[in-house]
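These notes concern the structure reproduced below.
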2 protein chains.
Amino acid sequence: MHFGAELMRQADVLASFTEDPPRITRRYLSPQHRQAGNYLIALMREAGMSAGFDALGNVVGRYASDGSQGPVVMTGSHQDSVRNAGKYDGVFGILTAVACVRDLHQRGKRLPYALEIVAFGDEEGVRFGATMTGSRAMAGTFDAACLDLADDDGVTMREALRTFGGDPDGWRDLDRRGGNVVAYVESHIEQGPVLLNENLPVGVVTGIAGTTRLRVAVHGQAGHAGTVPMGSRRDALAAACEMVLAVEHHCGTRPDLVGTVGRMSVLPGAINVIPQDAEFTVDLRSTTDTARRAAAQALVARFADIAKRRGVSVAATEFFAANAARCDPALKEALAASVAEQGIPLRELPSGAGHDAMVFPPVCPTAMLFVRCGNSGISHHPDETMTAADAEVATSVLLHFLEHYAPPRPDAREARELDGLA
Amino acid sequence: MHFGAELMRQADVLASFTEDPPRITRRYLSPQHRQAGNYLIALMREAGMSAGFDALGNVVGRYASDGSQGPVVMTGSHQDSVRNAGKYDGVFGILTAVACVRDLHQRGKRLPYALEIVAFGDEEGVRFGATMTGSRAMAGTFDAACLDLADDDGVTMREALRTFGGDPDGWRDLDRRGGNVVAYVESHIEQGPVLLNENLPVGVVTGIAGTTRLRVAVHGQAGHAGTVPMGSRRDALAAACEMVLAVEHHCGTRPDLVGTVGRMSVLPGAINVIPQDAEFTVDLRSTTDTARRAAAQALVARFADIAKRRGVSVAATEFFAANAARCDPALKEALAASVAEQGIPLRELPSGAGHDAMVFPPVCPTAMLFVRCGNSGISHHPDETMTAADAEVATSVLLHFLEHYAPPRPDAREARELDGLA
C-alpha cells in the first residue's frame, strides 16, 4: 500500500489535536487549530511545497508549476471539526492531496499548473455560528459581519483572529476570483451510506444539495388528559406528528429530495396534559433548487391543511436557505476517467451535505470525489470510519486526475469569464 | 343568590394562601397549607361544626347528627393545588359542603347522620410525588413508604409532618373502614368541556376512570440529514410520530377511552441530524378497566408493528396503573333526584381525572357531582373558571341531596359488608 496506511496514521495524529480528549473537537482559531495547522504545514513542506497560515487562519500550501506563470488548481478541505467528531471529515481531503504532492515531488514531477492545497480553518462553524468562512473569503463571499460574532465565552471572531496571529482585515486579500484559478477539486468522505451499500470505494459528486430550513410552530389547546373527549381535542403534538409524517412521505416519494425533522419540543410537556404547543424543524435538501423550493411550498400548504382540519394554528418560517451548487461537467468527466483508470465502476451521486467546494463556483469550475464511509455511513460522530484501502484508492484517483488534468488554454478561460459576465 | 357569590369570595381568599403569588401553588404541609386549613377550620366552626387538623394535616369538620349514635356521611375534597393552579379545583368541593352546613345550622336543622367535611391535605401529590395520601389513609390504603419520600429540598414527608405539627405515625388511626361511614359524596369542577358544551351547570359522575401510563422508547439510527436517502433511514422520531397517531386513532374510535401523548423528547435533537432516539409517554383512561387494559395491549402490539416495519426498536413500559372506581347506583340516583329538583336535565358523565372519591369504595358507597368548568374546560391552569351561578346551583343540589339522603338501616349495612367479604 502506497498511501493508505500513512494517511490513516496522519489522521490519528490530527485527531490528537483536540479540545476535549478522548473526544475530537477542534474549533476555528483554537490552540488545537494552530497545532493541526503547524502539523499540516510541516507535512506540506516535507512534500515539497511552500506553506503557511493566511490572514484568516487557513493553511495554504503551494506546489509550484512547471512554468512560472501557469494557472492554479486548488484542492483541500477543512481542518476544523464538529463537537465529538470523527477522524476523517474534512481532514481526509487535505491529507490525500498532500500525499499526491509528496508522490509527485519524490518523482521530481511538476504539473502544468501550480497546485494549491488549502486546509480551511472554519467550515463547520461550530465556534461562531457562521459556516465556511475560510472558503467564502477565497470565493469573494465573505461577510465581514462575521468578524463581530462571538463564541460562547463572548470572544469575537475578530479578537480570536488577533490572538491566533491572523489579520481580521486581511480577508479582502484572500479573494481568488479573477486570479488565474482554473479548477477546485475536493475529496471528502461521503458521510452517507450510498457507496457503502453499493460496495464502491469512491464516487463522483454531481452537485451539492441546496438547503431550506423551516421552523414550524403548532398551537393548539392544553387540556386534562383524562377529561377532554378525543373529539374535542386540539392536540398540538398529534398535529405536529401528522406533519412530520407528511415531510417523510413527501420527500420519500420524490427523487433527489430528502427531508428531516431533527428537533421537536412539546409544551407544557406533562404526562397528563394535552399538548398546547409543539415546535419542530424541517431540513429539506435537493441538488435541484426548484424541487427543493416546490417541496417547501407544498409542505407549508400541507401543514396548513392539517392544522385547519384539526382546529390548531400553524406558523412555518424559513430561517435558512442555500442554493445548490452543480459540479462542472468537464471536471466531473475527468474525475470519472480517473475512477475508471482504477477499474472501479462509475457511481455519480449528489452530496446532501454542504462542503467548501459549494462556495467555489464564483472562482472556477468545481468538482468533488466522495470516498466510502463505514459504519452505515455515520459521520459527525466518533463512529465515523474509513479504511486504509479506500484511502489508497481515493488518493490514486486524485493523483491520476492531477497528473492528467489539462488546464484550459488562456483564450478558453477568457471566453468562460466573458460568458460568466453575460 | 344564596351561596354562589360568597363561595367565589371564599375561593379568592383561599387563592391568597399561595407559595408563589400571583400564581396559586399550595403544596402539602406548606405554611400556606396551614393558613388555608386555619381559614377552613374557622369557616367550619362558624357554620356550627367542630373542626381541626388530623394527624396527616387533613382538616376534618363534623356536623353532629340529630341522634348521638347515628351513621356518618363524608364529603369534601382537597385543599392542595398543582403548581400555577386555578382557584376551584378541590377547593370548591370543601366550600360548597361548608355552605350547606351553614345553611342547615342557621335553620337549626340536624340530619339523621353526622356529616363530616374533609379538606384533604394532599391529593395532587406535587410535593412528594405520592397522590391522594390523605384520602388513602382514611380508606386504609395509605402506603407508609410515602413517609420517606422527599421533596425537592430533600425534606421527607415524615419530617414535614412533624414540622407541620402532625403525627407521621398517626395515619393508622385515620382508617375509616368499618367505622359506620355510609356514604362519601364529593363535588368537584369537571375539569373538562362536556357540561360546558351541553350548556349544563352540573352532572352526575358514573365512575372515575382508571389509568394506565406507558413510557415508550424508540431507538433508530442517527444520520446526516443531507446524506442518508429517505429509503435508508431508521428515523426514531418519524416512527414515534406514527405511534402517537396510532394512540389518537385507537382511542378516538372507541367509546369510553381517552389516550394522550403529553411528552416527547428527541435525541440528538439537532436540525441536521436524523433522530436516533425518541421517547414519549402515553396516558390511557377509561371507566372500564378491561377496555383500558385491552387498549394498552393493542397499542403496545401496534408500536411493535410500526417499529418492525421501520427497522427501529421500541420498548414500552407500564409505569403506573390504577383501576377505575364505579360510583354507587343508589347514591347516583339520589344525586340525580336532587339535580332534577333544580329543574336541570340529567347528564351522567365519567370522570377522566382522578379524585379523592376514587379511593373511598373500600370504606363506603361513593358518588360525585360535577360542576361546569368555563374556558373550554381548562383546569390545572390559572384560566380555570366557574361562575357564581353554577356554584349556587351545585350547592343547592348538594344541600337537597344531604337533606333527603336516608342512611341505610344498620341491617342493610351489615348485609352489604358481608357481601363485600364474599
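The values are calculated or read from the model by the stated rules, or taken from the named source; none is laboratory data. Remember, it's a predicted structure, so these values are computed and weren't measured experimentally. Note that we place each Cβ from the backbone using ideal geometry, even for glycine, and neighbour counts take in every protein chain shown. Heads up: the accessible areas ignore ligands, DNA and RNA and are worked out on the full protein's heavy atoms, side chains in. Shrake-Rupley method; radii C 1.70, N 1.55, O 1.52, S 1.80 Å.
Scan B:VAL98, B:VAL82 and give me the residue that is outside any strand (DSSP E or B), closer than 26 Å to B:PRO361 by Cβ and either modelled with pLDDT under 95 or outside the structural domain of B:LEU149 (by TED's automatic domain parsing) (or both). Before you say what the answer is, go through the steps one by one.
Details: B:VAL98 fails: either modelled with pLDDT under 95 or outside the structural domain of B:LEU149 (by TED's automatic domain parsing) (or both).
When all the criteria are applied, what remains is B:VAL82.
Collect the residues in the range A:26-67 that are more than 22 Å from the chain's Cα centre (by Cα), farther than 24 Å from A:ASP173 by Cβ and modelled with pLDDT of 95 or more, keeping them in residue-number order. Passing the criteria: A:PRO31, A:GLN35, A:TYR39, A:ALA42, A:LEU43, A:GLU46, A:ALA47, A:GLY48. Within the range B:216-227, the set of residues being facing chain A (nearest Cβ under 7 Å) and either in contact with a helix residue (DSSP H, G or I) (Cβ under 7 Å, 6 or more places away or on another chain) or closer than 30 Å to B:ALA324 by Cα (or both) comprises B:GLN221, B:GLY223, B:THR227.
Here's the yes/no breakdown for (1) modelled with pLDDT under 95; (2) in contact with a strand residue (DSSP E or B) (Cβ under 6 Å, 6 or more places away or on another chain); (3) farther than 29 Å from B:ALA225 by Cα; (4) within 14 Å of chain B (Cβ to nearest Cβ):
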| position | (1), (2), (3), (4) |
| --- | --- |
| A:GLY121 | no, no, no, no |
| A:ARG176 | no, no, yes, no |
| A:GLN191 | yes, yes, no, yes |
| A:GLY203 | no, yes, no, yes |
| A:LEU214 | no, yes, no, yes |
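So which of A:ASP328, A:ASP277 is in the same structural domain as A:TYR405 (by TED's automatic domain parsing), open to solvent by 20 Å² or more (accessible area, probe 1.4 Å) and either over 22 Å from the mean Cα position of the chain (by Cα) or not small (Gly, Ala, Ser) (or both)?
A:ASP328
Can you pull out the residues in the range A:35-60 that are of a type outside the set (A, V, I, L, M) and open to solvent by less than 40 Å² (accessible area, probe 1.4 Å)? If you could, list the steps in order and put the result at the bottom.
Narrowing the range A:35-60 to residues of a type outside the set (A, V, I, L, M): A:35, A:37-39, A:45-46, A:48, A:50, A:52-54, A:57-58.
Once the filter is applied, which keeps residues that are of a type outside the set (A, V, I, L, M) and open to solvent by less than 40 Å² (accessible area, probe 1.4 Å), the range A:35-60 yields A:GLY37, A:GLY48, A:GLY52, A:ASP54, A:GLY57, A:ASN58.
On the basis of being touching a residue at least 40 places away in the same chain (Cβ under 8 Å) and farther than 21 Å from A:GLY192 by Cα, does A:ALA139 make the cut? Criteria met by A:ALA139. Look at B:ALA304 and say whether it is touching a strand residue (DSSP E or B) at 6+ places or on another chain (Cβ under 8 Å), at pLDDT 95 or above and open to solvent by 40 Å² or more (accessible area, probe 1.4 Å). Here the answer is yes, as B:ALA304 does meet what is asked. Consider A:HIS381 carefully, then state whether it is at pLDDT 95 or above and open to solvent by 10 Å² or more (accessible area, probe 1.4 Å). Criteria not met by A:HIS381. Of all residues in the range A:191-209, those that are within 21 Å of A:SER396 (Cβ to Cβ) have Cβ atoms under 9 Å from Cβ atoms of residues that are polar (S, T, N, Q) and assigned to a strand (DSSP E or B), 6 or more apart or on another chain, in A:VAL202/A:SER187; A:VAL205/A:SER351.
Could you check the range B:258-267 and list, in sequence order, the residues that are open to solvent by 70 Å² or more (accessible area, probe 1.4 Å) and more than 7 Å from chain A (Cβ to nearest Cβ)?
The initial filter retains those residues of the range B:258-267 that are open to solvent by 70 Å² or more (accessible area, probe 1.4 Å), namely B:263, B:267.
Selection gives B:LEU267 alone.
Within the range A:309-322, the set of residues being surrounded by 14 or more Cβ atoms within 10 Å (Cβ to Cβ), modelled with pLDDT of 90 or more and touching a strand residue (DSSP E or B) at 6+ places or on another chain (Cβ under 7 Å) comprises A:VAL312, A:SER313, A:VAL314, A:ALA315, A:ALA316, A:GLU318. Residue pairs whose Cβ atoms lie under 8 Å apart, sitting 6 or more positions apart in sequence or on different chains, and linking a residue in the range B:228-257 that is more than 9 Å from chain A (Cβ to nearest Cβ) and touching a residue at least 12 places away in the same chain (Cβ under 8 Å) to a partner that is part of a helix (DSSP H, G or I) and of a type in the set (Val, Ile, Thr), are B:ALA239/B:ILE306; B:ALA246/B:ILE306. Among the residues of the range B:292-332, the one identified as within 30 Å of B:VAL185 (Cβ to Cβ) and without any contact (Cβ under 8 Å) to a residue 24 or more places away in the chain is B:PRO329. Within the range A:216-248, the set of residues being open to solvent by less than 10 Å² (accessible area, probe 1.4 Å) and within 16 Å of B:GLY226 (Cα to Cα) comprises A:VAL247 only. Only residues that are closer than 23 Å to B:GLY226 by Cβ and more than 17 Å from the chain's Cα centre (by Cα) were counted in the range A:336-361, giving 5. Pick out, from the range B:165-228, the strands (runs of 3 or more DSSP E) lying fully within it that include 2 or more residues that are over 18 Å from B:PRO350 (Cβ atoms). Because the criterion is at least 2 residues that are over 18 Å from B:PRO350 (Cβ atoms), the strands (runs of 3 or more DSSP E) in the range B:165-228 that meet it are B:181-189, B:210-219.
Screening B:LEU115 against (1) assigned to a helix (DSSP H, G or I); (2) surrounded by 22 or more Cβ atoms within 10 Å (Cβ to Cβ); (3) within 22 Å of the chain's Cα centre (by Cα) leaves a single unmet condition, (1).
Working carefully through the options B:ALA130, B:ALA145, find the one that is at pLDDT below 95, open to solvent by less than 20 Å² (accessible area, probe 1.4 Å) and either out of contact with any Phe, Trp or Tyr (no Cβ under 8 Å at 6 or more places or on another chain) or of a type outside the set (A, V, I, L, M, F, W, C) (or both).
Details: B:ALA145 fails: open to solvent by less than 20 Å² (accessible area, probe 1.4 Å).
Result of the check over B:ALA130, B:ALA145: B:ALA130.
Does B:LEU335 fit the bill of being in contact (Cβ under 8 Å) with a residue 60 or more places away in the chain and more than 14 Å from every other protein chain (Cβ to nearest Cβ)? Walk me through it before giving the result.
Numbers: in contact (Cβ under 8 Å) with a residue 60 or more places away in the chain: yes; more than 14 Å from every other protein chain (Cβ to nearest Cβ): yes.
Yes, satisfied.
Condition check for A:ARG372 on (1) more than 14 Å from every other protein chain (Cβ to nearest Cβ); (2) modelled with pLDDT of 95 or more: one failure, at (1).
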